[in-house]
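Note sheet for the following structure.
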Amino acid sequence: MVTKKILLPESENPKQWYNIVADMPNKPLPPLDPKTRKPMSVDDLSVIFARELAEQELSTERYIDIPEEVQDIFRIWRNTPLVRAHGLERMLQTPAKIYFKNESVSPSGSHKTNSAVPQAYYNKMQGIKRLTTETGAGQWGSAISMAGKHFGIDVDVYMVKVSCEQKPYRRMMMKTWGANVYPSPTNMTDAGRAILAKDPDCTGSLGIAISEAVEMALKNQHDTRYCLGSSLNHVLLHQTIIGEECLKQLEMTGDYPDVVIGCFGGGSNFAGITFPFLRENFTKGRKTRFVAVEPESCPKLTRGEFQYDYADTIGLTPLLPMYTLGHNFHPASIHAGGLRYHGAGSIVSQLLKDGYIEAADMPQVECIKSGILFSQAEGIIPAPESTHAIAYAIREALKCKEEGTSKTILFNLSGHGMVDMFAYEQYFAGNLRNYEVSDEEIAKNIAELDKLL
Ligand SMILES: *Cc1c(COP(=O)(O)O)cnc(C)c1O
């Protein structure tokens, strides 16, 4: 019998997160205060985030313990299966071995719960009563709603109004887990009121939703903090549980990956699966390649510039060092909503700049086609975001077939697509198309940045 799913006994679940900063030859540059443009301290960051998370954001400790209470909740779905994609291998007739880590088995259907649970926990421990956050496609919003409920902390989600209307089921998931969901722009904040005064029919944007969530946290300092589901160093740290499990699971197979692939929005699921393997490259001389796959319509890693930029479109957040297309860049409305973000996390950006990881961009139609192939071969319907990793893995597997080599390919299945069937519907209706970005458009938005580097 061939083993399909490799699972660890729960007693083997990782008890520490891995902080790659400890092993990086060049450390990530610090976040800067948007007003003074001076490096921010833990105290500065604690105004907006829970203190423990602010400490993790700037930490250089190699390993950080996962609190027992967080490990307890993780056991609802962790460890997640490492799956040998025999079906896909057969369908492609490739000599390559393909594995994927199935993060779609979490309660909210994606890897985002891996950071939502510790974020809710640290806020609760500090006595915080309410979390504010924004969500676009709704993946992060639903993860933090589930996590908040576990620790008895209220969650206010500012959801981009147009997504709220287009994704009613994600909104229902958040409500089911007890969160308050506000279609943004609202008339509850100065930021929202200002926008509505100018444009009463405004359908919202992630930038506006961030501004509203941050404003509410800052106005209610005594019991409220803001939280974010991607990009930041502490979020990447939490996701390393994926790769730590995967290293142990692969050990049970005797295989080791030649290439590890993750789709890329802000960098959290990519970092999660790759950083523990990158540690093996840094410390044990392994030669694994790491590929971050972004949509061709939002190509910050392959065509952006390494600069300080804001995380939001309005310029309220700290200035972070990142590969960016400029915070005014407006990506086409592709179905992989979680990959429509102008910038990349600081750590991943530094690693790319220093040549330790690679980046590739993929057109949307090839991605959805690959997602359909994967569904038919392996049974799981992937999130539109995850199809980017699948599409690149398929390209690698076909290259192996051409060259007659048998590589071991590992990718992260960041989530399932059961609440994103609209993307598939559009494909079958023949309405899905690719969006290329012109050099002029990229140059124009990058030219608007204050060059601090
Ligand atoms: C949010 C999301 C992403 C992109 O975010 P990263 O921080 O880059 O991982 C990818 N896949 C799924 C399923 C998501 O929900």
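The values are calculated or read from the model by the stated rules, or taken from the named source; none is laboratory data. If you're wondering where the values come from, they're calculated on a predicted model, not measured in any experiment. Counting neighbours? That spans all protein chains shown, and the Cβs are built from the backbone with ideal geometry, glycine included. Side chains included, ligands, DNA and RNA excluded: accessible areas come from the protein's heavy atoms. Shrake-Rupley method; radii C 1.70, N 1.55, O 1.52, S 1.80 Å.
Quick notes
- Straight-line cross-link partners of LYS451 among the aspartates and glutamates, defined as a Cα under 16 Å from its Cα and at least 8 positions apart when in the same chain: ASP33, GLU305, ASP309.
- Per-residue [θ]222 nm for the chain (sum of -39500 (n - 2.57) over DSSP H runs n ≥ 4, rounded to 500): -12000 deg cm²/dmol
- Within the accessible surface of the stretch 194-346, defined with a 1.4 Å probe on protein heavy atoms only, the carbon and sulfur portion equals 52 percent.
- Accessible solvent surface per residue of the chain, calculated while the other protein chains remain in place, 1.4 angstrom probe, Å²: 38
- Coil-residue chymotrypsin sites (Phe, Trp or Tyr not before Pro) of the stretch 301-370, DSSP, other Cβ within 10 Å capped at 14: none
- Reducing the stretch 1-77 and the stretch 194-240 to their Cα centroids gives an inter-centroid distance of 20 Å.
- Whole-percent carbon and sulfur share, accessible surface of the stretch 1-137, 1.4 Å: 51
- Pairs spanning more than 22 Å between alpha-carbon atoms, out of LYS97/LYS248; LYS248/LYS407; LYS112/LYS444; LYS5/LYS399: LYS112/LYS444; LYS5/LYS399.
- Principal axis extents of the Cα atoms in the chain, from largest to smallest and rounded to whole angstrom, are 61, 49, 45.
- The tail of the calculated P(r) for the stretch 286-380, taken as Cα-Cα distances beyond 20 Å, holds 43 percent of the pairs.
- Centre separation in Å (Cα based) which lies between the stretch 346-362 and the stretch 141-183: 32
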